1. Is it true that Arg128 is of a type in the set (D, E, K, R) and under 21 Å from Ser6 (Cα atoms)?
2. Looking only at residues that are among the small types (Gly, Ala, Ser) and within 9 Å of Ser50 (Cα to Cα) in region 134-167, which one is most open to solvent (accessible area, probe 1.4 Å)?
Amino acid sequence: MENSESRVKIFHDDVNEIISKNLFNGSHVSNEILCSKGCSDCCSQLVTISKSEVSLLLKIPVKINLEQLKKQHHLTTDNWTQELSEEEGKCVFLNRDNGACNVWEHRPANCRNYFVTGSNKHCSVFRRDPNLSLSLKSVYADVCISAFYALDGGEASMSDFLYEKLS
């Protein structure tokens, strides 16, 4: 296994452990989280990842919709919902038939550290109502993610990194 792949897998395990201890270990927070398998309402937003994470994702044998990726390329959180429809904003790794993540085991750290409380009917950035749903993240995992991304050469949107590598 390549060194960067090994590093990313260890990093993802660390993020999972931090989140587990920080958000779920003996906490009432786990009772408030609505995320469940097959719910992909939040999978329509810009996600930032590291270079090593995109390298790992590209080794997974899964088809990526290049036309959709081209539409997402170069967009920011400021213009994501203005330039895309909700369907166009969906993650390129999302299985449209069952709402499952096609790269779940290797999903980016920022996807691992995103949870919602409240009503999941409003999770999508295209329909978000902050009065009805709140995103929840582990601040400890955020620090770990930021440090890894800095050491790994920075971060960019997943669509930008993927488009750069695939075009």
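1. Numbers: of a type in the set (D, E, K, R): yes; under 21 Å from Ser6 (Cα atoms): no.
For Arg128, the condition - of a type in the set (D, E, K, R) and under 21 Å from Ser6 (Cα atoms) - is not met.
2. By that ranking, first place goes to Ala150.
The values are calculated or read from the model by the stated rules, or taken from the named source; none is laboratory data. No experiment lies behind these values; they were computed from the predicted model shown. These accessible areas exclude ligands, DNA and RNA; they are computed on the full protein's heavy atoms, side chains included. Shrake-Rupley method; radii C 1.70, N 1.55, O 1.52, S 1.80 Å.
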